[in-house]
Protein chains: 2
Amino acid sequence: MESLIAAKDFSPIEDAETIKNACKGFGTDETALISILANRNEAQRKLVRLAYKEIHHQDLIKQLKSELSGNFERAISHWTMDAAERDATLINEALKKATPDYKVIIEIACTRNSEELLAIKRSYQSLYKHCLEEDVASQTIGDVRKLLVAVISTYKYDGEEFDENVARSEANILHQLIEKKAFNDDEMIRILSTRSKKQLCATFNIIKDLFGTTITKGLSASPKDEYISVLLTTVRCINDSQRYLAKVISHALGDLVNEEQALSRVIVTRAEKDLKEIKDVFAKRNNATIHEIVDRKTWGNYKAFLLALLGKE
Amino acid sequence: MESLIAAKDFSPIEDAETIKNACKGFGTDETALISILANRNEAQRKLVRLAYKEIHHQDLIKQLKSELSGNFERAISHWTMDAAERDATLINEALKKATPDYKVIIEIACTRNSEELLAIKRSYQSLYKHCLEEDVASQTIGDVRKLLVAVISTYKYDGEEFDENVARSEANILHQLIEKKAFNDDEMIRILSTRSKKQLCATFNIIKDLFGTTITKGLSASPKDEYISVLLTTVRCINDSQRYLAKVISHALGDLVNEEQALSRVIVTRAEKDLKEIKDVFAKRNNATIHEIVDRKTWGNYKAFLLALLGKE
């Protein structure tokens, strides 16, 4: 469930006016921006952005970028985009780093469903005039590339049907590959990148039943190189995305200097999806709520904005 | 351009009646079936199939399959499906053979545009409750699998923009790989499977300009194993799909005992797309038209049906 509290009544034209006024002259009324944007759902924000363009002949995102700065600007700009554009932008940013941020790409590819991933690919092409696959493939190498490209390419089956026999046979294949430490074997990549979430969860459960250990434990036992770390992220995102995302938040809150972007990424991208469940998982596994720690460790408009997206405790 | 001559006025209900009558009692009035179905475009056939289901509570394709047999049944059943369902079925049939018919899979993946390929993937999932990628990946192995899965997975950029510098750099990469006979190198597969058609054609042209030879000649010079043959098909389909398809027809007409399915596949799948251009290419490269050879070498209802789809000479 979403954590966002969207306004019941709203007028895109009034919102566009209020935002314009908040940006007038020196300084910005950030509180006004937050009180509007953090209380509009995706469809509402889209209408506000359209109204803003129509009335003020300017893209709202560009306006926000020129008016604000730092973490707050980044978070509220991402939030104002629609989901597919935001994910396409996040992947593009992840690719542009000196060492691409592989985990962000995997997180997006493995926690969105097929239709969402398709929308991201469409948005990516319209923004960058390239396909997502070619940019990921041309900016990565080796085993990491093999896994990444396979995972982002497949238009997976999202349905409920799965095959017990296939699950049993592939549980054995995966277990044997892990025993042999053949983590980069083509079969490992084939199974993880092409099978449906439902099918893979059945396979993971059989591994646990037959061999008394989880696939993540098997992978974690090895010394972690870059590839194994990407592989682990893949398995975790498929196996239990909410638990994975709660961990990302937990890790980010423990190291805000380096990981702040991960914190706002997960809050911004999941606020209209399953942030409520992620908050519950977090609370069960930590001695505090996300709310409490964000309240204690962040400040200013950035804090106000994140708390608004986190919704009620 | 399409070769098909579609009826201007038609009634789906009348068509459904005529087809039902043609199938009544012993024997079938194949001429009636051809005169209707071979003169309806995709949207019209869809309506006829819907009307047939509504009135006679039976799927038209199943009716045709139970009524007819051999080449003619296969061709007219495929024709009556919509394009995405037909391509999904063709790929599934190709995969089920003792040795999968890789060339059919490549032909479909590389001559359809991104939206068409996406529609095929959707249709495949709805027919088989699997994704296309997982079936291709689980039923192939080695280098052939690497190339096939990469080619069918990517949601390619279909736009007009391409990058001269990338084309130059990748022309060099491809040329060097061919010189070294490193045909299965990851870079070869990356470039062919992720770059847009426009980008790849620019790259192929630079290879010709810089090195005075085409990429297909470079590949053909090697002894043809299964992988190289799939690789060549990929390059040919991307480089000039109409020329490739004209060659498939020419090859099939020369060996109808073994290749009849290729003949009807190309005619059926391209009749509403670019069969006119394929016929022109064929006529320029052979001493006869497709029409003439089909007329001479095939017979009966099958011949009548193919000639109807081929349209005017």
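The values are calculated or read from the model by the stated rules, or taken from the named source; none is laboratory data. Because the structure is predicted, anything quoted here is derived from the model rather than measured. Quick reminder, even Gly has a Cβ in these numbers, built from the backbone with ideal geometry, and neighbours come from all protein chains shown. Accessible surface areas use protein heavy atoms only, side chains included; no ligands, DNA or RNA. Shrake-Rupley method; radii C 1.70, N 1.55, O 1.52, S 1.80 Å.
Observations on the structure shown:
- For segment B:241-310, the relative contact order works out to 33 percent when only alpha carbon pairs closer than 8 Å and six or more residues apart are counted.
- Whole-number percent relative contact order across chain B, with pairs defined as alpha carbons under 8 Å at least 6 apart: 22 percent
- Ligands, DNA and RNA left out, the 1.4 Å accessible surface of the protein assembly as shown is 50% carbon and sulfur atoms.
- Segment A:164-239: C-alpha pair distances exceeding 22 Å, %: 10 percent
- Just so you know, the Cα atoms of segment B:241-310 work out to an Rg and Dmax of 10.7, 30 Å.
- Within segment A:12-68, the percentage of alpha carbon pairs spaced more than 14 angstrom apart rounds to 48%.
- Average Cα contact separation per residue, segment B:12-68, under 8 Å, 6 or more apart, as relative contact order %: 40 percent
- Residues of segment A:120-134 buried by at least 50 Å² of accessible area upon assembly of all protein chains, compared with the chain on its own (1.4 Å probe): A:ARG122, A:GLN125, A:LYS129, A:GLU134.
- Rh (Kirkwood; distinct C-alpha pairs) - chain A, Å: 20.8 Å
- A Gaussian network model of chain A, with springs between Cα atoms under 10 Å, assigns the largest mean-square fluctuation among A:ILE238, A:ILE267, A:ILE173 to A:ILE173.
- Buried area at the B-A interface (accessible, heavy atoms, 1.4 Å probe, summed, Å²): 2500 Å²
- For the Cα trace of segment B:80-225, dividing Rg by the Kirkwood Rh returns an Rg/Rh value of 1.00.
- At a Cβ-Cβ separation cutoff of 4.7 angstrom, cysteine residues of chain A with no neighbouring cysteine are A:CYS23, A:CYS131, A:CYS201.
- Value at 222 nm in deg cm²/dmol, rounded to 500, when DSSP H runs of n ≥ 4 in chain A each add -39,500 (n - 2.57): -22500 deg cm²/dmol
- For the protein assembly as shown, the pair-distance distribution built from all alpha carbon pairs, in bins 20 Å wide starting at 0, is 17, 43, 32, 8, 0 percent.
- If you bin all the Cα-Cα distances of segment A:77-134 at 5 Å, starting from zero, the percentages per bin are 4, 21, 31, 29, 13, 2, 0.
- Accessible area per residue in Å² at 1.4 Å probe, computed on the protein assembly as shown: 44 Å²
- Mean shadow area of segment B:135-201, taken as a quarter of the surface of its Cα convex hull (nm²): 4.7 nm²
- Segment B:225-237 - phi-based ³J(HN,Hα) in whole Hz, Karplus 6.51/-1.76/1.60, Gly and Pro as x: 8, 4, 5, 4, 5, 5, 4, 4, 4, 4, 4, 5, 5
- Only the Cβ atoms of Lys and Arg (+1) and of Asp and Glu (-1) were treated as charged; on that basis the dipole of segment A:83-153 about its Cα centre amounts to roughly 120 debye.
- Rounded to whole numbers, the Karplus 3J(HN,Hα) couplings from phi for segment B:292-298 are 4, 6, 4, 4, 7, 9, 10 Hz, using 6.51 cos²θ - 1.76 cosθ + 1.60 with θ = phi - 60°, and x at Gly and Pro.
- The rotation axis taking chain B to chain A passes closest to this chain B residue's Cβ, listed with the gap in Å: B:SER153, 2.
- Given A:LYS146/B:LYS208; B:LYS146/B:LYS224; A:LYS103/A:LYS156; A:LYS97/A:LYS247; B:LYS103/B:LYS217, the pairs whose alpha carbons are separated by over 27 Å: A:LYS146/B:LYS208
- Reachable lysines, given that their alpha-carbon falls under 17 Å from the alpha-carbon of B:LYS303 and they are not under 8 places away in the same chain: B:LYS279, B:LYS312
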